[in-house]
Amino acid sequence: MTRIRCPHCGHETAKIIYGIPQMTDQLQKDIDDHKVYLAGCERMIPPPSRYCFHCKQGVCYTFFPVEEMETTKVEFEIGGYFQGYKRLVVEGKDNSYFATYYPSHCEDILEKRITLTSDQYKKFVHKVYMSYIKEWDEFYDNRDILDGTSWQITITYGNYQREWSGNNVYPPSWNRFIKAINSLDLPTIK
């Protein structure tokens with residue numbers, strides 16, 4: 001069975017089964033091992049596809065494809081006072097798709113802009129959403145560190161804009177997001 005981690009706490013999640021399934025020895029074993037969660041007949045809209053036993057909540061809601069299709073811009077900035085801030089802007093407008101990397105003042109490289117095909121843009125946006133970004137908290141902060149790394153992400157879709165940010169701490173699926181960011185032919189962001 002696929003092991004998907006909770007976007008809130010990072011623990012493994014269980015597949016949710018709705019309705020009244022026929023009980024088998026294997027199903028009972030999967031329930032006991034927290035691989036399956038029986039949710040009953042009542043469904044939320046949208047229904048979660050996974051359950052986190054650690055957080056005791058449904059997670060990993062199905063993303064509406066319209067949100068991905070209507071995404072017009074993904075902006076990501078990361079850095080700090082001493083190392084400067086790197087910025088990546090990926091946008092689609094009037095059937096043109098671009099990704100631009102803006103280096104920090106400490107980097108010895110110039111701004112780089114690449115043209116993306118429609119498919120490359122759609123794959124990139126899909127990878128960003130598959131980091132479970134929509135389930136992240138809006139702000140992450142470690143108050144024990146004074147200087148360090150700050151980050152901010154802004155996604156524009158339709159007439160909406162959504163932001164996430166943090167200081168010195170990251171969501172559980174951060175590495176998946178960074179992998180999506182680094183899937184473009186631009187300088188690597190760590």
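What tally of residues in segment 169-190 results from selecting those that are part of a helix (DSSP H, G or I) and among the hydroxyl-bearing types (Ser, Thr, Tyr)?
Residues flagged as part of a helix (DSSP H, G or I) and among the hydroxyl-bearing types (Ser, Thr, Tyr) within segment 169-190 amount to 0.
Could you count how many residues in segment 157-168 are assigned to a strand (DSSP E or B) and either buried (at least 16 other Cβ atoms within 10 Å of the Cβ) or touching a Ser or Thr at 6+ places or on another chain (Cβ under 9 Å) (or both)?
8
Has segment 170-189 got at least one residue that is surrounded by 13 or more Cβ atoms within 10 Å (Cβ to Cβ) and over 22 Å from residue 71 (Cβ atoms)?
Within segment 170-189 (the criterion being surrounded by 13 or more Cβ atoms within 10 Å (Cβ to Cβ) and over 22 Å from residue 71 (Cβ atoms)), the answer is yes, since at least one residue qualifies.
Take segment 98-120 and flag every residue that is surrounded by 10 or more Cβ atoms within 10 Å (Cβ to Cβ), within 22 Å of the chain's Cα centre (by Cα) and either closer than 15 Å to residue 71 by Cα or modelled with pLDDT under 95 (or both).
Passing the criteria: 98, 99, 116, 118, 120.
Are any of the residues in segment 156-167 at pLDDT 90 or above, β-branched (Val, Ile, Thr), touching a strand residue (DSSP E or B) at 6+ places or on another chain (Cβ under 6 Å) and over 26 Å from residue 12 (Cα atoms)?
yes
For segment 137-151, enumerate the residues that are within 22 Å of residue 47 (Cβ to Cβ) and modelled with pLDDT under 85.
Correct list: empty.
How many of the residues in segment 144-190 are closer than 26 Å to residue 82 by Cβ and either in contact with a helix residue (DSSP H, G or I) (Cβ under 6 Å, 6 or more places away or on another chain) or β-branched (Val, Ile, Thr) (or both)?
9
Got a sec? Which of 59, 89, 74 is out of contact with any helix residue (DSSP H, G or I) (no Cβ under 9 Å at 6 or more places or on another chain) and surrounded by 14 or more Cβ atoms within 10 Å (Cβ to Cβ)?
After ruling out the rest, the residue left standing is 89.
Cβ-Cβ below 6 Å, separation at least six or inter-chain, first residue in segment 161-177 and outside the structural domain of residue 139 (by TED's automatic domain parsing) and at positive phi, second buried (at least 16 other Cβ atoms within 10 Å of the Cβ) and not acidic (Asp, Glu): which pairs?
Pairs found: none.
Search segment 36-53 for residues being at pLDDT below 90 and part of a loop (DSSP other than H, G, I, E, B), and hand back the single one that is farthest from the chain's Cα centre (by Cα).
41
The values are calculated or read from the model by the stated rules, or taken from the named source; none is laboratory data. Being a predicted model, the structure only gives us computed values, none of them experimental. Heads up, the Cβs are rebuilt from the backbone with ideal geometry, glycines too, and the neighbour counts pull from every protein chain shown.
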